[in-house]
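Read through the structure below, which is laid out as structure tokens, and then see the notes.
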Amino acid sequence: MPGPNRHPPVQRTSIALRIGALACVALLCLLALPYALVEASAVQVYYGVGPISPLAVALFAGVALVALGAAAAGRSDPDVVAGLALVVGLGSVGITLSWALGAAGVAGGLPVSATFEYHRWAVVGTSAVLALAGLFASPLGDAKGP
């Protein structure tokens with residue numbers, strides 16, 4: 001029986017799936033934000049830094065959002081979707097981290113540079129929230145130590 005400060009695994013999984021879905025929405029909003037603040041050509045340069053554009057993460061976040069929403073509503077297997085969220089989140093962290101490290105010089109040259117100094121790290125952090133939500137929703141989150 002769970003202790004007084006622990007949620008049952010089913011409730012914890014449901015909460016983690018919803019947090020993952022919210023992280024996907026936040027990630028999509030964060031990736032769209034620069035287009036509302038500066039010219040599209042400047043955003044293309046900003047997102048063009050690094051081996052893979054962080055806009056590729058938007059595709060993954062969109063797919064994960066649909067899957068997480070379906071699992072949270074009980075229409076998909078939560079364990080499978082949690083694994084998907086974990087893999088998508090870890091991949092997103094890798095892509096956005098490589099981009100964020102390289103975008104330092106470009107972010108300072110944008111008209112609203114103070115905003116973009118923090119924007120790239122917000123994108124990385126939101127990707128990490130997605131990965132953590134997938135971890136806590138998955139059976140790996142129940143794993144006991146030796």
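Every number in this text was worked out from the coordinates using simple rules, so none of it is lab data. Bear in mind that the values here come from a model prediction, so they are computed numbers and not experimental data. Glycine also receives a Cβ, built like all others from the backbone with ideal geometry; neighbour counts cover every protein chain displayed.
Quick look at the values:
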item: Region 9-141: relative contact order as a whole-number percent, Cα under 8 Å and 6+ apart; result: 40
item: Under Karplus coefficients 6.51, -1.76 and 1.60, residue-wise ³J(HN,Hα) of region 16-22 in Hz, glycine/proline x; result: 5, 5, 5, 5, x, 5, 5
item: Given charges at Cβ of Lys, Arg, Asp, Glu: region 9-141 dipole, positive-most of A82, V10, G125; result: V10
item: By average C-beta atoms within 10 angstrom, highest first, the peptides 16-23, 45-52; result: 16-23, 45-52
item: Over region 9-141, volume per residue of the alpha carbon convex hull, in Å³; result: 86
